[in-house]
1. Mind listing the phi-derived Karplus ³J(HN,Hα) values for the range 265-279, rounded to whole Hz, using 6.51, -1.76 and 1.60 with θ = phi - 60°, and x for any glycine or proline?
2. What number comes out for the charge environment of A84, summing +1 per Lys or Arg and -1 per Asp or Glu over other residues with Cβ under 13 Å away?
3. Taking H placed 1.01 Å from N in the peptide plane, check which residues at least 5 places from S368 or on another chain put their amide H under 5 Å from its amide H.
4. Using R₀ = 25 Å, calculate the FRET efficiency as 1/(1 + (r/R₀)^6) where r is the Cβ-Cβ separation of S207 and R158; round to 0.05.
5. Restricting the count to DSSP beta bridges whose residues both fall in the chain, what percent are antiparallel, rounded to a multiple of 5?
6. Name the trypsin sites (Lys or Arg not before Pro) in the range 224-321 that are in a loop by DSSP and that have at most 12 other C-beta atoms within 10 Å, would you?
7. If amide hydrogens are placed 1.01 Å from N in the peptide plane, which non-local residues have theirs closer than 5 Å to the one on A194?
8. Averaging over all projection directions, find the projected area of the Cα convex hull of the range 30-235 and quote it in nm² with one decimal place.
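Quick note: the coordinates plus some simple rules give every number you see, no bench work behind them. Treat the numbers as computed from the prediction; the structure is a model and nothing was measured. Here Cβ is always computed from backbone atoms with ideal geometry, including for glycine, and neighbour counts include all displayed protein chains.
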Amino acid sequence: MDYTTDPTRDKYVIDGGACLRGRVHASGAKNSCLKLMAASVMAEGPCRIRNVPDIADVGIMCEVLSRIGLGVEFEGGVLDMMPASEPRLETPYHLVQKMRAAVDVLGAMLARYGHARVAMPGGDNIGARQIDMHLKGLTQMGARLGVSHGYIEGSADRLVGAHVSLEFASVGATENLLIAACLAEGRTVIENVAKEPEIVDLAAFLSGMGARIEGAGTSTLVVEGVDTLSGVEHTVIGDRIEAGTFLLAGAVTRGEVTVTGIDAGHLEIVLDKMREAGCTVDVSGDSVATAVRGELHGVEISTLPYPGFPTDLQPQMITLLATVGDTSFVTENIFDNRFMVVDELNRLGADIRTKGHHAIVRGVPALSGAPVTAMDLRAGAALVLAGLVAEGTTEVYDIEHIDRGYERFEEKLASLGAGIRRVPAGEPRE
Ligand code: UD1
């Protein structure tokens, strides 16, 4: 009998070769939802968020909020949050260690309660991820911050409006400072901010709570602080990264996949690159359809802050490029370790060489199934895509990384015809 290498963890077993066909609906955006949840800490009334994906990271954020004292209920994609009656303004290490986005409650707690104690995030599998810009911006807004014993301790009588200029358009720093500025006294101007659709969604959520924000989706945010924020009802935007993953899964298997529930504008550069590689892409209303009707070619990809090519789709795109006829060049500009997936892809027969933040991808005629390990969320998704097209059987280990951000991943892929199944921890393989 053959057991999983680690009997305490689930794995995927994928029989490659099926051509994916059909329609799949995108879940709500993980990276939006987590920040809306953080912002809810500031509401004086109940908040309801719809289209919330049932993924592990949302579960962790529910734990973060419950610890702070919010009443949290999550059922059927609807998340209800009640204000904390006796807030406990601390986010412990074991939660921040599980999910860095937990640090996004820092700005909200400081703005609403004038105090916060949040564990300092460490590095993770995609590289060192500092939060210096979050801390500098909050300090400029009058917060007194210090780091001791692995915790950021912050206090402020009331945050005050400030002029903050980010060195880099960090998504997390933009969100933390935007959230905090809503309850600061006076006007805050934040320059060189991130323009991701998830920031626009966060600004809409905050505006629904009564915040006064201008410039969401541009490189400058102007926020006029208000005294209190109310509860709000909001529907999360579709997950562009999940949608892109399914479209690339269709392309990698040379199939035809339609994703619904998505704003195609959020995927513009990804769809352009897929077209350039030879895929057919059709956009209609809230759906995007891709098909492969001829040979695919290599392309050049360079990850950049939105509207540039998203780093969160780079590993899945590299997987597609590993299977096309000629050579592609990929540059990763956002994270240090995002090429870790390359060694695993090469174990499946890909021909990818990296130097620093550049990769040369030489397409091969076929990949061959093998056991591989998911090192992080998007690397895991990329390895599943590779397994779908590889000859024979691929086993993907450590799939708890994939569970962090993809709702019912194997179910959705199987509905498109993929030969994928989850083998629960400790269960013998047939
Ligand atoms: C968010 C997304 C993640 C995505 C990334 C970039 C969530 C939960 N995660 O991560 O999926 O890949 O945006 O689109 O929304 N940096 C600093 N100092 C700082 C802040 C960031 O040096 O104060 C650096 C980081 O080390 C990293 C780069 O800036 O190299 C990008 O980080 P950032 O845009 O903040 O990404 P996250 O918010 O962590």
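1. 3J(HN,Hα) across the range 265-279, in whole Hz: x, 6, 10, 3, 5, 5, 5, 4, 5, 5, 4, 4, 6, x, 7.
2. Values: positive: R67, R88, R112; negative: E44, E86, E90.
Neighbourhood net charge equals 0.
3. G349, E391
4. Values: r = 21 Å, r/R0 = 0.84.
After rounding, the FRET efficiency stands at 0.75.
5. Numbers: 58 of 81 bridges.
The antiparallel proportion sits near 70 percent.
6. Details: sites: R240, R254, K273, R275, R293; in loops: R254, R293.
When the trypsin sites (Lys or Arg not before Pro) of the range 224-321 are filtered for loop state and at most 12 Cβ neighbours within 10 Å, R293 remain.
7. Here the answer is S170, T174, since their amide H atoms fall under 5 Å of that of A194.
8. Numbers: hull surface 39.0 nm².
About 9.8 nm², averaged over all directions.
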